[in-house]
Amino acid sequence: MLFDDTYKTIEKPAEGIFRDRGSKFLAYAYPISSENDIKGIVTQLKAEHPKANHHCWAMRLSIDRSVFRVNDDGEPSGTAGRPILNTLLSKDLTNILVVVVRYFGGTLLGVPGLINAYKVATEEALAQAVVTSKTVNDVYTASFEYLQMNDVMRVIKEENLLILNQQFDNDCNIQLSIRKTQVEQALFKLGKVNGVKVKYDYSL
């Protein structure tokens, strides 16, 4: 199969901690679905840790490693966000944000020490996280007359499609989540039902 439609992420937020020579590194991992999620999470952590010296983070979205961002938040370039991201890559996790909050302990750790601290703190948070596999799905809405209901529901059952929303009247609408690798076959079967119109909504 050319297209891999599964990816690994975490089910819910998780936390970890690492200490080195008086400095404390608090790591927070979050499942996210878009870059829009980042600002609110970072703002919230800054409000919870106003006396921390740094709030460094990395995020990864999409299943092909193409969407990522890092932020060193005042630490020497490449010593914070990049080690966090590299840990996400090595664990093959995506749709995830990890923020590491640092309280400086008075002793400089040096570049190798910082890289290690942000890496280990991230690993500690991920060790507490529940990792789950998900599929990449497209969402479509099928519109049809009530008379076609049985035929449409048969296709949904055969293809094991997930119904997200439904509205039944003389004219019916069912919003379906279809796994990416199933889309072609599912749409072909729905298209064979007389009078059914299917439109693409968005991807999950």
### Among the residues listed as 41, 10, the single one being within 27 Å of residue 133 (Cβ to Cβ), open to solvent by 20 Å² or more (accessible area, probe 1.4 Å), out of contact with any Lys or Arg (no Cβ under 8 Å at 6 or more places or on another chain) and aliphatic (A, V, I, L, M)
41
### Query
Do we have residue 16 as closer than 15 Å to residue 122 by Cβ and open to solvent by less than 80 Å² (accessible area, probe 1.4 Å) here?
yes
### Summary
residue 73: passes all of (1) open to solvent by 30 Å² or more (accessible area, probe 1.4 Å); (2) in contact with a Cys (Cβ under 7 Å, 6 or more places away or on another chain); (3) closer than 30 Å to residue 202 by Cβ but (3)
#### Entry: Number of the exception - residue 51 against (1) assigned to a loop (DSSP other than H, G, I, E, B); (2) without any contact (Cβ under 8 Å) to a residue 24 or more places away in the chain; (3) basic (Lys, Arg)
(2)
#### Entry: Candidate set from the range 158-201 (those that are among the basic types (Lys, Arg) and part of a helix (DSSP H, G or I)); member that is modelled with the lowest pLDDT
180
#### Entry: Sole residue being touching a residue at least 40 places away in the same chain (Cβ under 8 Å) and among the aromatic types (Phe, Trp, Tyr), chosen from 25, 68
25
### Query
Tell me, which residue of the range 19-38 that is of a type outside the set (A, V, I, L, M, F, W, C) and part of a strand (DSSP E or B) is most open to solvent (accessible area, probe 1.4 Å)?
19
### Task
Quickly run through the range 101-135 and pick out the residues that are touching a helix residue (DSSP H, G or I) at 6+ places or on another chain (Cβ under 7 Å), free of Cβ contacts under 8 Å to residues at least 60 places away in the same chain and of a type in the set (Val, Ile, Thr).
115
### Query
Do we have residue 41 as in contact (Cβ under 8 Å) with a residue 40 or more places away in the chain, hydrophobic (A, V, I, L, M, F, W, C) and closer than 30 Å to residue 107 by Cβ here?
yes
### Message
Can you confirm whether residue 166 is open to solvent by 60 Å² or more (accessible area, probe 1.4 Å) and over 30 Å from residue 29 (Cβ atoms)?
### Response
yes
### Residues located in the range 122-157, provided they are modelled with pLDDT of 95 or more and within 16 Å of residue 93 (Cα to Cα)
122, 123, 124, 125, 126, 127, 128, 129, 130, 131, 132
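The values are calculated or read from the model by the stated rules, or taken from the named source; none is laboratory data. Since this is a predicted model, take the numbers as computed values, not measurements. When we count neighbours, we look across all protein chains shown, and the Cβ atoms used for this are built from the backbone with ideal geometry, even at glycine. Ligands, DNA and RNA are excluded from the accessible area calculation, which covers all protein heavy atoms including side chains. Shrake-Rupley method; radii C 1.70, N 1.55, O 1.52, S 1.80 Å.
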